[in-house]
Structures are given as structure tokens and as C-alpha cells.
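Participant: Below are the C-alpha cells for one structure; questions will follow.
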Amino acid sequence: MSELPLVSILCLSYNQSRFIVESLESIKAQSYPNFEILICDDCSKDDSADIINKWIIDNGQLKTVFIPHSQNKGICKSLNELLNISNGKYIITIALDDLMEADKIERHVAILEKSSQNEALVFSNAHIIDDNSVRFQNTFIPYFHRYLNIESGNFYKSLLEDNFLPAMSCVTKSSLLKEIGGWDEALTFEDYDMWLRLSQKYDFIYDDYKSCSYRMHATNSHKKKNFLDVSFFDIYLKHKEQPEVKKKILKLIHEAYKENRLTESHKKYLSELDNKTLTEKLILRNVGKFTFNTLHYLQKVYYKSW
């Protein structure tokens, strides 16, 4: 019997002390035996690092590496740091407040071992749990996004519309993550950009199964993402030739102008845009919020009357 491929589990911790042990125990409980646990605590202000260290000591039989940061570096830099020291054929990323089902790795490695070279990862739906690990009636994909009748294949166009992949459910081929250069460290969040870049070149496999649990609470990065976060604009720029993305970029710029959050990058994009509308011209002239809203409203009324 051939040796089972090594799986590297990249674990991120930031002020999640209450949930760390439960999360790590869900990894320890995996039916799949060949994995390494690589943990980065990104300068937590609570006692997360102490809890991680104690858990590692108590579970010395496991392959575990812990990198505690003395200053906060952000999600993408932390993941790249772990990716660079990983040895696995496959990669899982998980925040240490989320949980894995016990058969997740075994099930998904079996799928990937039979996959084609053009398939980058396997993903699934996920349970949603509260602070006490009680499951919500709804699940991740329909709760956070629109319901999809999902089949394996290429998801690039679908992902341009919305990021519906539960990141903790994904098991990705390590070689392909490294081939595209890992995570973009200029961004404040990691998953959406990664799925878009991978799906431009590769297909994804969907497993109709809930392989993990996403914990929903006040500090979730998923809940805190704001449409006006500059990272969304930077991600969209990588795909600006797509018509649906151009609409998203312009909507973002319009909203940023209304909120006095217009950046030089926004202005540069507009200045280079062909066939500018009145709205874009008003923004570039910086006519002010009141004038902008008034003229924008009159423009919509005028065109509606024709």
C-alpha cells in the first residue's frame, strides 16, 4: 500500500482563545493519519499563544509547528509564512475558531488523489455555529450568498459575481498555490483573490457534503468585510477586462465618492476610462457630495422619462 500523502493544515489565530482548543481538537480527531499542523498566532492581545503552546505540549505526538508573531502582520503574510514551511501535497487553511468534521481530510484527499491535473481543489458547504458550537438551521453557502445548484467545473464567472466558497472547506493542491505565488500580501483578506486567480486557470471540485463548521460571531473577518475596503478594488482591478467586474468597480468608486473615501487609485482608473458617464465626470471634477447627488438624481430622472 502506498504511503498516504501529507496534508499541511495552516492554522491562523488572532484573539480566539476561547475557541482554540476545540478547533485544534477537531484537527486532532481526524480519521486521516498523515498531516502536519502549522500554526501562526498574529500577535493576539489575549492568551491565545499560551493556550496554543500548552496544547502543543499536551499533544507532543502530533507534527506541529508554532510561529507566534510579536507584531501583527495580517492574514496573507501569515499564510505565506506557513505555506513556505509546509511540506504537504495538499493545503488546508483554517481559523482557530472553526471546526472540521472528523472525516474531512480522509474524504477530500481521496477525491483529490483521483482528480485531473486541471482540478485545483475540492470544496464543500459548511455548517454555521455560534459561540457555543450550536448549529444554525441554515448553512454557509445559502446564508452568506445566494443559493447555488453547484456542480464541479470552472467557477471563475460565478466567483466574479460573488465569493461563495467556505475557505475552511477547501483542500488545495500545494503545488498550484505555490505556482501562482501564494497569497497577495497587499490585501487585507485572503480567500476571494486566491479563488479567482486559481479559477482563471483551473477547475474546482464540489463535494456535496458539510465538511466543517464556520463560527459566526462579532469578530469574524467574513462579517467585517466592507465593500469599500481597498482590497476589493485591488482584486477587481486584476479582472477589470470582465464586463461584470467593470460594473462592480464603478459601483465601488461611486460609493467611495459619496463616503469621502475616494483614493488616487480610484481617480486613476476613472481618468483612463473611455466613454465616461456624467457620473464619472462629476467625480473627477470633485463637484462635492450635494451637487453630485443632485445631478446624479436628475440624470436618472431625465433618462427614465425618455
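Participant: Once the Cα gyration tensor of region 49-95 is found, what semi-axes does its equivalent ellipsoid get, as square roots of 5 times the eigenvalues, in whole Å, sorted largest first? Don't jump to the answer; show the numbers that get you there.
Facilitator: On the way: eigenvalues 74, 55, 14 Å².
Those come to 19, 17, 8 Å.
Participant: Could you work out Rg/(2.2 N^0.38 Å) for region 1-144, with Rg from alpha carbons only? Intermediate values should be presented prior to the final figure.
Facilitator: Numbers: Rg = 15.5 Å, N = 144, 2.2 N^0.38 = 14.5 Å.
Compared with the compact-globule rule of thumb, region 1-144 sits at 1.07.
Participant: Any idea what angle helix 48-58 forms with the longest principal axis of the chain, computed on alpha-carbon atoms, 0 to 90 degrees, nearest 10?
Facilitator: 20 degrees
Participant: So, by mean Cβ neighbours within 10 angstrom, what's the order for 269-276, 153-160, 119-126 with the highest one leading? Please report the intermediate quantities before stating the final value.
Facilitator: Values: 269-276: 11.9, 153-160: 16.8, 119-126: 24.9.
Taking the mean over residues of other Cβ atoms within 10 Å, the ranking is 119-126, 153-160, 269-276.
Participant: Continuing with the same structure: Taking the Cβ of Ser26 as the centre, find all other residues whose Cβ is under 13 Å away and add up their charges (Lys, Arg: +1; Asp, Glu: -1). If you can, show how the numbers build up before the last one.
Facilitator: Values: positive: Lys28, Lys104, Arg215; negative: Glu22, Glu25, Asp97, Asp98, Glu101, Asp103.
With Lys, Arg at +1 and Asp, Glu at -1, the neighbours total -3.
Participant: What length, rounded to one decimal in nm, is gained on full extension from Asn260 through to Asn84, with 0.36 nm per residue of separation minus their alpha-carbon distance?
Facilitator: Working: separation 176, 0.36 × 176 = 63.36 nm, distance 3.92 nm.
Difference between extended and current length: 59.4 nm.
Participant: If you don't mind, there's one more thing I want to ask. If you place +1 on the Cβ of every Lys and Arg, -1 on the Cβ of every Asp and Glu, and leave all else neutral, what size is the dipole of the chain about its Cα centre, to the nearest 20 Debye? Write down the numbers at each step before the final one.
Facilitator: Numbers: 39 positive and 42 negative charges, 325 e Å.
In total the dipole reaches around 1560 debye.
Participant: What pairs from Lys89/Lys238; Lys248/Lys268; Lys73/Lys267; Lys173/Lys240; Lys77/Lys268 go past 20 Å between their alpha carbons?
Facilitator: Lys89/Lys238; Lys73/Lys267; Lys173/Lys240; Lys77/Lys268
Participant: Something else: Given a cut-off of under 8 Å on Cα pairs at least six residues apart, what relative contact order in percent is computed for region 30-181?
Facilitator: Values: 149 pairs, mean separation 40.3, N = 152.
The normalised contact order for region 30-181 reaches 26 percent.
Participant: Right, here's the next one. Quick one: which residues, 5+ away or cross-chain, put their amide H under 5 Å from the amide H of Lys63? H built at 1.01 Å from N.
Facilitator: Ile37
Participant: How large is the translational diffusion coefficient of region 61-128 in µm² per second when you combine the Kirkwood radius over alpha carbon pairs with Stokes-Einstein at 25 °C and 0.890 mPa s?
Facilitator: On the way: Rh = 14.6 Å.
Diffusion coefficient, whole number: 168 µm²/s.
Participant: Among DSSP beta bridges lying fully in region 123-248, give the percent that are antiparallel, nearest 5. Walk me through the intermediate numbers first.
Facilitator: Details: 3 of 9 bridges.
Approximately 35 percent, going by the DSSP bridge assignments.
Participant: Taking just the alpha-carbon atoms of the chain, what radius of gyration and Dmax come out, in angstrom?
Facilitator: 21.7, 74
Participant: Excluding residues fewer than 8 places away in the same chain, name every one of the aspartates and glutamates whose C-alpha is closer than 18 Å to that of Lys246.
Facilitator: Reachable aspartates and glutamates: Glu161, Asp162, Asp193, Asp229, Asp234, Glu255, Glu264, Glu272, Asp274, Glu280.
Participant: Just to verify a number: what accessible area does Asp103 come out at with the full protein assembly present, 1.4 Å probe, Å² rounded to tens?
Facilitator: 60 Å²
Participant: Arg107: accessible area at probe 1.4 Å, nearest 10 Å²?
Facilitator: For Arg107, the solvent-accessible surface is approximately 90 Å².
Participant: Quick one: compute the contact order of the chain, relative version, from alpha carbon pairs under 8 angstrom and 6+ residues apart, as a percent.
Facilitator: Working: 456 pairs, mean separation 54.7, N = 306.
Answer for the chain is 18 percent.
Participant: Sorted from largest to smallest, which semi-axis lengths in Å does the alpha carbon gyration tensor of region 101-218 give for its equivalent ellipsoid, taking the root of 5 times each eigenvalue? Let's see the in-between values first.
Facilitator: Numbers: eigenvalues 103, 59, 41 Å².
Computed over region 101-218, the values are 23, 17, 14 Å.
Participant: Can you give me the distance in nm between label points at Asp208 and Lys63, each placed 7 Å from the Cα along the Cα-to-Cβ direction?
Facilitator: Rounded to a tenth, the inter-label distance reads 3.4 nm.
Participant: Provide the packing ranking of 169-180, 256-267, i.e. peptides ordered by the mean count of other C-beta atoms within 10 Å per residue, highest first.
Facilitator: Details: 169-180: 19.5, 256-267: 14.6.
Answer by packing, highest mean first, reads 169-180, 256-267.
The values are calculated or read from the model by the stated rules, or taken from the named source; none is laboratory data. Everything numeric in this text was worked out from a predicted model, so none of it was measured. In this analysis, Cβ positions are derived from the backbone assuming ideal geometry, glycine residues included, and neighbour counts consider all displayed protein chains. Surface accessibility is based on the protein's heavy atoms, side chains included, excluding ligands, DNA and RNA. Shrake-Rupley method; radii C 1.70, N 1.55, O 1.52, S 1.80 Å.
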